[in-house]
Amino acid sequence: MTDPFCCEEMQYHLTYRCPEHEDPFACPDHIMIFSEDTQTYGIPIHDGGQAFIRIRYCPWCGKKL
Ligand SMILES: [Zn+2]
Ligand SMILES: [Zn+2]
């Protein structure tokens with residue numbers, strides 16, 4: 001198994017757990033998610049749904065995901 005985190009920033013945001021919101025989509029502080037279903041990384045759109053903007057490169061270190 002490869003390390004899913006390309007950098008510390010990504011690790012911080014992907015492992016971030018808000019004490020107030022169990023669902024990452026419900027939390028405005030949750031800016032990065034990893035979708036197990038599609039194996040993709042994305043930025044959640046906080047519109048009450050489960051939508052997210054897929055990203056292909058890390059916004060912090062630029063590595064391909
Ligand atoms: Zn929250
Ligand atoms: Zn990174």
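The values are calculated or read from the model by the stated rules, or taken from the named source; none is laboratory data. Please read these numbers as outputs of a predicted model, since none were measured by experiment. Heads up, the Cβs are rebuilt from the backbone with ideal geometry, glycines too, and the neighbour counts pull from every protein chain shown.
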Answer residue from the range 42-61, given it is loosely packed, with under 12 Cβ neighbours inside 10 Å and within 16 Å of ligand 1 (Cβ to nearest atom) and is modelled with the highest pLDDT among those: Asp47
Subset of the range 13-32 that is farther than 16 Å from Ile53 by Cα and not aromatic (Phe, Trp, Tyr) - its residue that is nearest to the chain's Cα centre (by Cα): Thr15
Hits in the range 33-65 (condition: hydrophobic (A, V, I, L, M, F, W, C) and under 13 Å from the mean Cα position of the chain (by Cα)): Ile33, Phe34, Ile43, Ile45, Ala51, Phe52, Ile53, Ile55, Cys58, Trp60, Leu65
Subset of the range 29-65 (residues that are touching a residue at least 12 places away in the same chain (Cβ under 8 Å), among the charged types (D, E, K, R) and part of a strand (DSSP E or B)): Arg54
Failed condition for Lys64, given (1) in contact with a Cys (Cβ under 9 Å, 6 or more places away or on another chain); (2) farther than 14 Å from Phe5 by Cα; (3) loosely packed, with under 11 Cβ neighbours inside 10 Å: (2)
Of residues in the range 1-28 being part of a loop (DSSP other than H, G, I, E, B) and within 13 Å of ligand 2 (Cβ to nearest atom), the one nearest to Lys64 (Cα to Cα): Cys6
